[in-house]
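The structure under discussion appears below in the form of structure tokens.
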Amino acid sequence: MFRLSVLIAVVFCIGLTWGTVCAQDAGQRAQGLVAALDKTKYKKKEKRDFAIEIYIDIRNEAAVKSSANDYAGQYESEDSGYRLDLQVSAGAAVTGSGYDTIDSDNGRTQNFTLKDARIDGALLTAVKVYENGETHKFEAVFVNRTISSGKNANDIATRDTKFGLGFIERAWPVISESSDKNEVWTNRVFLERK
């Protein structure tokens with residue numbers, strides 16, 4: 001009986017430790033993704049007596065809600081190139097479907113559903129299963145995104161904050177016409193909750 005009690009205690013401690021490690025890992029991955037979504041751009045052009053300055057600063061902050069149900073809703077990119085309809089059941093089971101634009105010149109989209117979707121803090125992980133059978137890992141973070149713009153960092157004209165879902169889209173390597181090297185491009189994507 002003593003051995004059984006000790007075994008149960010050990011298993012319980014291992015479970016607590018594993019849960020803490022997983023939570024820390026999800027938190028670290030979410031913060032890494034949040035940092036990767038941030039971007040600052042500044043350009044200044046001068047010609048004789050004329051100067052143009054443009055400054056844009058995009059900052060994201062992980063948006064941790066008290067319940068996974070608070071994340072349910074429709075998310076869409078500004079240009080309608082990406083969409084995700086996210087459902088969260090009372091038991092916190094996460095499902096979703098949407099589309100990605102695969103050819104922006106011709107407006108072709110590819111529909112997907114989420115498989116093994118899970119929300120941990122502000123981090124959403126899943127596998128995107130496309131209509132053609134392709135699958136891709138999907139990792140996104142719920143954020144409050146603030147865009148500040150103006151002439152420069154000291155002269156901000158507008159500041160706008162929106163809630164949504166951010167992720168980094170990575171294209172598989174392709175051979176560029178300008179070089180013989182494989183090039184991988186990335187795209188920061190923000191889907192605002194509608």
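With the simple model of a label 7 Å out from the Cα in the direction of the Cβ, residue 139 to residue 163 spans 2.5 nm.
With a cut-off of 14 Å between beta carbons, the residues surrounding residue 53 carry a summed charge of +3, where Lys and Arg count +1 and Asp and Glu -1. Exposure proxy ranking for 109, 40, based on other Cβ atoms within 10 angstrom of each Cβ and starting from the fewest, stands as 40, 109. Simple spin-label estimate for residue 67 and residue 111 gives 3.0 nm between the two label positions (7 Å along the Cα-to-Cβ direction from each Cα).
Cβ crowding within 10 Å ranks 142, 163 as 163, 142, fewest other Cβ atoms first. For the listed peptides 113-126, 59-72, a ranking on the average number of other beta carbons within 10 Å per residue, highest first, reads 113-126, 59-72.
A short reminder: the numbers here are calculations on the coordinates, not readings from a lab. Note that the coordinates shown come from a computational prediction; the quantities given were computed from them, not determined experimentally. Ideal geometry is used to build each Cβ from the backbone, glycine not excepted, and the neighbour counts take in all protein chains shown.
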